[in-house]
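Trainee: The structure under discussion is supplied below as structure tokens; questions concerning it will follow.
The values are calculated or read from the model by the stated rules, or taken from the named source; none is laboratory data. Computed from a predicted structure; not experimentally measured. No Cβ is skipped: glycine too gets one built from the backbone with ideal geometry, and neighbour counts run over all protein chains shown. Surface accessibility is based on the protein's heavy atoms, side chains included, excluding ligands, DNA and RNA. Shrake-Rupley method; radii C 1.70, N 1.55, O 1.52, S 1.80 Å.
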Amino acid sequence: MEPSPIPCPAPLVPDVTALAALDTAYKAARMRQAVFIAVEYQGSHWAVKADTRAAGPEHTTDDAASAAIGAAFLYLARRREIRFDAFTGPVYFVLHDIAAEDRARELAAALHAALYGDLGPLRAALPVDI
């Protein structure tokens with residue numbers, strides 16, 4: 001598996017639907033000390049998964065990014081783009097029930113960028129100011 005750029009653009013977000021793919025992608029993120037990001041097909045919908053622990057204890061997400069991520073998740077849940085039982089951090093994130101792979105990849109890339117302090121992609125992915 002090729003290492004993903006940081007932050008990872010939507011087309012390169014790994015699909016970890018297969019357990020072996022999840023294991024490989026997570027190990028690759030840990031070896032690079034990068035935030036793990038992936039999409040996964042779950043029956044009829046997609047999920048986004050992120051884990052900052054793969055980046056090591058030095059990685060932190062600033063308060064502004066954490067607040068923006070929380071606001072984005074709440075907005076998406078209210079619009080029923082994701083379920084309300086999303087894991088919203090601070091180190092592990094999962095968004096369930098995303099209807100389309102392209103949207104899951106867009107949200108994954110935006111979340112990954114936000115976890116590195118770049119809120120631009122997250123703001124671009126949502127039609128409201130966060």
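Trainee: Once Lys and Arg get +1 and Asp and Glu get -1 on their Cβ, which of 41, 31, 8 lies farthest toward the positive end of the dipole of the range 1-49?
Mentor: 31
Trainee: Sort the following peptides by mean Cβ neighbour count (other Cβ atoms within 10 Å, averaged over residues), highest first: 109-115, 71-77, 15-21.
Mentor: 109-115, 71-77, 15-21
Trainee: Next question. Based on Cβ point charges of +1 for Lys and Arg and -1 for Asp and Glu, what charge dipole magnitude is obtained for the range 1-49 about its Cα centre, in debye rounded to the nearest 20?
Mentor: 180 debye
Trainee: Mind checking the per residue accessible area of the chain for me, 1.4 Å probe, whole number of Å²?
Mentor: So the chain comes to 52 Å² accessible per residue, rounded to a whole number.
Trainee: Ordering 40, 101 from largest to smallest accessible area (1.4 angstrom probe), what's the sequence?
Mentor: 101, 40
Trainee: Now for a different question. Over the chain, what is the relative contact order in percent, taking alpha-carbon pairs closer than 8 angstrom and at least six residues apart?
Mentor: Answer for the chain is 27 percent.
Trainee: While we're on this one: Grab the other residues whose beta carbon is less than 13 angstrom from that of residue 123, score K and R as +1, D and E as -1, and report the net.
Mentor: -3
Trainee: Right, here's the next one. Of all accessible surface on the range 20-130 at a 1.4 Å probe, what whole percent is carbon and sulfur?
Mentor: The nonpolar share, carbon plus sulfur, comes to 53 percent.
Trainee: For mean projected area of the Cα convex hull in nm², which listed value, (1) 7.1; (2) 10.5; (3) 9.3, comes from the coordinates shown?
Mentor: Here mean projected area of the Cα convex hull in nm² agrees with entry (1).
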